[in-house]
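Step one of this worksheet: look at the structure below.
Just so you know, all these numbers are worked out from the coordinates, no wet-lab data involved. Keep in mind that this is a model prediction, so the values were computed, not measured. Using ideal geometry, Cβ is built from the backbone for each residue, glycine included, and neighbour counts are taken over all protein chains shown.
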Amino acid sequence: MFYLLASGTESPYEVNPWMILPFAALLLMIAIGPVLLGDWWHHHYPKVSVGLGLVTVCYYFYVLRQPERFGHVAHEYASFIALIGSLFVAAGGIHIRVKGESRPATNVLFLAIGAVIANIIGTTGASMLLIRPWIRMNKYRITSFHIVIFIFIVSNVSGCLTPIGDPPLFLGYLKGVPFWWTLQHGWPAWVFAVGLLLAVFYVADRINIRKAPREVMEEQTAHEKWRFDGRHNMIFIAIILAAVLYNKTLPFLVPEAIMALAAAASFYFTPQPVHEANDFTFAPIKEVAWLFLGIFATMVPALDYLGTHAAALGIETPLQFYYSTGFLSSFLDNAPTYLTFLSAQMGLHHMDMDNPLEVAEAVARFPLEILAISLGAVFFGAMTYIGNGPNLMVKSIADHSNVRTPHFFAYIFRYALPILLPILILVSIFFFSPWRFF
């Protein structure tokens, strides 16, 4: 999420911790609604999301008397939807025709390329561009694990090398962290985490392909060739990313307007057969827009409460910063969570986060602490569907392509905890513990 926060997340008022309940309730509904409520949830989830969000809005308007807080939230949400929506439309106009008999080695190469691209066009851009080809190239044997591993690698972990890769790093860059700093210091952890995830996937995919109907695959895909249609949309993606990079230098809401115009032009100039080949509909972005409307509203008390009490948490070591930032980034938006713990880290050393020179000094003096916050925010965003914006979008696109995806709890307990978390723990041991190897 490339929206911008003008300052830290420290709140000047005390938030009642009971007001975190609407956020918890919305997460619970997102988790159990599709599984237990079925058609009711499918038809009424916008009402649930908006209703719970209004509880928080009314609290800030009429109890705290802080309506301006939601002025910032509204702008952040508009920026988020403008980015997600415009990239969804532009990427939806690109049809990468692939052979639907991808082998494990080909899949690993595709994911590795996606991991690199994510640092050039962002995890959101890479996810929107590559998820449809990923589904098509595995169409005869695709499983939930194919979608989950794509979210782990392309939508999250891979984007830790540049500020373009993931929103928390972009905010750090705006605060004064040098542009290439995360690449210089974070590449060993990137290679380690992405490499382990690719190795795990390769083993699982080797097992999967043995069960696939090879004769059917070869017969059905004999006529298929690799082809790239809709290349002109790469221009619109570049315009969208330029609007993100120059957000601070452009007038209010102009970046969002540029993104919207780029998306409209992309949709208009893309031939209908390309959209049909992609099974393009607006249903996935509609679902994400409604759900994140409620998430943006209801998570405000949690972020404000955290901002008020961050200094009292007793977090002092790189390992503590890594896990604290990571745990909250799994459920809260990782961008303001990153700023909260960056502010706490700066305050620990009596430095001002709003002073770029002091941020640069902190980066030079305490690189492990800053790196721990950065990687915790980026890596742990993959632990849940709501940890990072592209996650839920990828799931929605897969669902509308008739690919079975795990529900909220299955994603966490069947995949994130047994597969991703051990790798993230190894990252903490090798890079941030007192007995670290790097």
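Amide H contacts under 5 Å for His95: Asp229, Gly230, restricted to partners 5 or more places along the chain or on a different chain, H placed in the peptide plane at 1.01 Å from N. With contacts taken as Cα pairs under 8 Å and at least 6 residues apart, the chain reaches a relative contact order of 27 percent. The stretch between Ala204 and Phe179, if pulled fully straight at 0.36 nm per residue, gains 5.4 nm over its current Cα-Cα span.
Of the residues Val177, Val55, the one with the fewest other Cβ atoms within 10 Å heads the list, and the complete ranking is Val55, Val177.
Think of each Lys and Arg Cβ as +1 and each Asp and Glu Cβ as -1; about the Cα centre, that makes the dipole of the chain roughly 1260 debye. Length gained on full extension, Glu68 to Asp399: 115.4 nm, using 0.36 nm per residue less the C-alpha separation. Here the Karplus relation 6.51 cos²θ - 1.76 cosθ + 1.60, evaluated at θ = phi - 60°, turns the backbone of region 334-339 into coupling constants of 6, 6, x, 4, 4, 5 Hz, with x for every Gly and Pro.
Pairs of lysine residues in region 17-431 that meet both criteria, 8 or more places apart or on different chains and Cα atoms under 18 Å apart, total 8. Each of Trp181, Trp290 was scored by other Cβ atoms within 10 Å of its Cβ. Listed from fewest to most, they are Trp290, Trp181.
Per DSSP H run of at least 4 residues, take -39500 (n - 2.57); add these up for the chain, divide by its residues and hand me the 222 nm value, nearest 500 deg cm²/dmol. Roughly -21000 deg cm²/dmol at 222 nm, from the helical runs in the chain. Suppose we flag trypsin sites (Lys or Arg not before Pro) only when DSSP calls them loop and at most 12 other Cβ atoms lie within 10 Å. Which is the longest uninterrupted stretch of the chain? Here the longest run is 232-403. The calculated FRET efficiency for Asp352 paired with Lys211, based on their beta-carbon distance and R0 = 60 Å, is about 0.55. Helix 21-32 axis versus longest C-alpha principal axis of the chain: approximately 10°, rounded to the nearest ten. Spacing of the modelled spin labels on Trp40 and Phe413, each 7 Å from Cα toward Cβ, amounts to 2.1 nm.
A Förster radius of 22 Å, combined with the Cβ-Cβ distance separating Arg103 from Arg227, puts the computed FRET efficiency at roughly 0.70. Note on Ser433 and Phe61: with the Förster distance fixed at 60 Å, the Cβ-Cβ geometry gives a FRET efficiency of about 0.85. Extension gain for Ile235 to Ala24 (0.36 nm times residue separation, less C-alpha to C-alpha distance): 71.9 nm.
Between region 364-412 and region 75-135, what's the alpha-carbon centroid distance in Å? Rounded to whole Å, the Cα centres lie 15 Å apart.
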